[in-house]
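One structure below.
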Amino acid sequence: MKRTLSVVEVRRKFSEIIGRVAYAHERIIVERRGRPMVVIINLDDFERLEALDKDKRSNIEDIQRNDFRAYSLGVKGSLTREKIYEDLI
């Protein structure tokens, strides 16, 4: 479940929020002056995001390596870094 709270509310209820995030797997969006600033997530969610980020970086490196090989062999139309990011996101 996702909730949005103000910084003031988070300060006031920090211990309770940590418990809900850790054990009930809630995700808390923290706002300052009505603007979302950060998200509080549990450790399992964070580790999944880190693994996804690592996989994306690995895929980008593989694509760049293959593209460099193709460019070295004279294949035209090599991929740009921007195109790679667009395809992965």
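Nothing in this text is a laboratory measurement; each read-out follows from the coordinates by a stated rule. Keep in mind that this is a model prediction, so the values were computed, not measured. Ideal geometry is used to build each Cβ from the backbone, glycine not excepted, and the neighbour counts take in all protein chains shown.
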Problem set entry | Residues Arg11, Arg3, sorted so that the one with the fewest Cβ neighbours within 10 Å comes first | Arg11, Arg3
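Sort 17-27, 35-45 for me by packing, meaning the mean count of neighbouring Cβ atoms within 10 Å per residue, highest on top.
On the way: 17-27: 14.3, 35-45: 12.6.
In descending order of packing, they fall as 17-27, 35-45.
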Exercise. Within segment 1-15, what residues put their amide N at less than 18 Å from the label point 7 Å along the Cα-to-Cβ vector of Leu43?
Worked result: 15
Problem set entry | Relative contact order of segment 2-41, pairs being alpha-carbon contacts under 8 Å that are 6 or more residues apart, as % | 44
Seminar exercise, completed: Of all DSSP beta bridges with both partners in segment 2-41, the antiparallel percent, nearest 5, is 50
